[in-house]
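**Q** Handing you a structure now.
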Amino acid sequence: MTDHLSRVLIAAALCAVGTVAHAQELDVNADKARADFARPVVLAADDVRAFAPPPAGFADARPGAAQGKVETFTYASVVTGTRRTANVWLPPGYDKTRRYPVLYLLHGIGGNQDEWCGYVRAQDVLDNLTAAGKAVPMIVVMPNGRALADDRSPPENKVFTPENAAGFARFERDLLDSLIPAVDAAYPTHADSAHRAIGGLSMGGGQALNFGLGHPEAFNWVAGFSPAPNTEPPAKLAGEAARAKGKLKLVYLSCGNRDGLINVAQGVHRQLREQGVAHVWNVDGYGHDRDSWAENLYHYAQLLFR
Ligand code: FER
């Protein structure tokens, strides 16, 4: 079993004991999470790969090749009243006198701002794509998507709790009111929706769809990778996307066909289709793991800002 899935399943097992009492405000608890991951996958004819797999080594560091830089960025949050931390990847050849589009990448339920670079190795994927001229040079912001005063990854028995999940919903205002303005003030960005993308994995995939499709004035490029059950009702999201048609440049959805959460992404895909919203739908052969997320970052990054 993969690191990520074993971590979330252990968390689900541990917090099955003792959280039932107040788990009802938000429908988040370990038993439900375990049942979600164990759901049988039912595939339709169009639940297939949209792309050829990436070349071998696409997510490995290439010693000697041009590399970007990951730096720590802190900002004051109006939501939490604290200073919060994000990682920022600057592309190879970064030049302060130019302007760059920005991609915001959001992590999963047990993760933090380090998950994309630590577990997924996003910086290697982005370095390789940019050095090869396959992605437009961009700035990538990897925030902590748990907008709580204590935003550390919770202990394993507190991952699937309403309190932890509430921090992910609260991040919407933190992102829009605090983080984006701070990034646009500190870095040479193109500070408009046409040059701002959002994407996320699992819990962060749900956030990216909810926040991105809900705010076309902020993001015109939106991706959910293996989105989790925090994803808003598909008909609502697809309706927002349909209304934003003139602005939205790309809606990208993906999931592995061994991921018990795939019904969430399937629901969004089918509603987008129903409501006539063009989108990428990529179903690969992976589970709820970095193989799927690294590949989908590889595909998504190449489509951005074109
Ligand atoms: C759930 C199952 C999985 C859930 C969230 C997740 C909010 C998220 C998993 C992840 O981020 O890896 O029932 O409820």
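**Q** For Lys249, indicate whether it is charged (D, E, K, R), surrounded by fewer than 19 Cβ atoms within 10 Å (Cβ to Cβ) and either closer than 20 Å to Leu126 by Cα or touching a Phe, Trp or Tyr at 6+ places or on another chain (Cβ under 7 Å) (or both).
**A** Numbers: charged (D, E, K, R): yes; surrounded by fewer than 19 Cβ atoms within 10 Å (Cβ to Cβ): yes; either closer than 20 Å to Leu126 by Cα or touching a Phe, Trp or Tyr at 6+ places or on another chain (Cβ under 7 Å) (or both): yes.
Here the answer is yes, as Lys249 does meet what is asked.
**Q** In addition: Checking the conditions here, which among Val183, Val140, Val136 is more than 16 Å from the ligand (Cβ to nearest atom) and within 16 Å of the chain's Cα centre (by Cα)? Give the derivation first.
**A** Numbers: Val183 fails: within 16 Å of the chain's Cα centre (by Cα); Val136 fails: within 16 Å of the chain's Cα centre (by Cα).
Exactly one residue qualifies, and that residue is Val140.
**Q** Another question, if that's okay. With the requirement that a residue be more than 16 Å from the ligand (Cβ to nearest atom) and over 13 Å from Val251 (Cα atoms), what does the range 277-296 give you?
**A** Our first condition is that a residue be more than 16 Å from the ligand (Cβ to nearest atom); within the range 277-296, this holds for 277-285, 295.
Scanning the range 277-296 gives Val283, Asp284, Gly285, Glu295.
**Q** Of the numbered conditions (1) buried (at least 17 other Cβ atoms within 10 Å of the Cβ); (2) out of contact with any Cys (no Cβ under 8 Å at 6 or more places or on another chain); (3) assigned to a strand (DSSP E or B), Thr74 satisfies every one except a single condition; which is it?
**A** Only one criterion in (1) buried (at least 17 other Cβ atoms within 10 Å of the Cβ); (2) out of contact with any Cys (no Cβ under 8 Å at 6 or more places or on another chain); (3) assigned to a strand (DSSP E or B) is unmet by Thr74, namely (1).
**Q** To continue, here is another question. Would you point out which residue out of Glu163, Glu172 is under 30 Å from Arg34 (Cβ atoms), part of a helix (DSSP H, G or I), acidic (Asp, Glu) and within 13 Å of the ligand (Cβ to nearest atom)?
**A** Values: Glu172 fails: within 13 Å of the ligand (Cβ to nearest atom).
Going through Glu163, Glu172 in turn, the sole match is Glu163.
**Q** Give me the pairs: first residue in the range 36-63 and closer than 17 Å to Val283 by Cβ, second residue modelled with pLDDT of 95 or more and hydrophobic (A, V, I, L, M, F, W, C), beta-carbon distance under 6 Å, and six or more apart or on different chains, which are they?
**A** Taking only residues 6 or more apart or on different chains, the pairs are Val41/Ile262; Asp47/Val283; Val48/Val283; Ala50/Val280.
The values are calculated or read from the model by the stated rules, or taken from the named source; none is laboratory data. Computed from a predicted model, the values in this text were never measured in an experiment. Every residue, glycine as well, gets a Cβ built from its backbone with ideal geometry; the counts of neighbours run over all protein chains shown.
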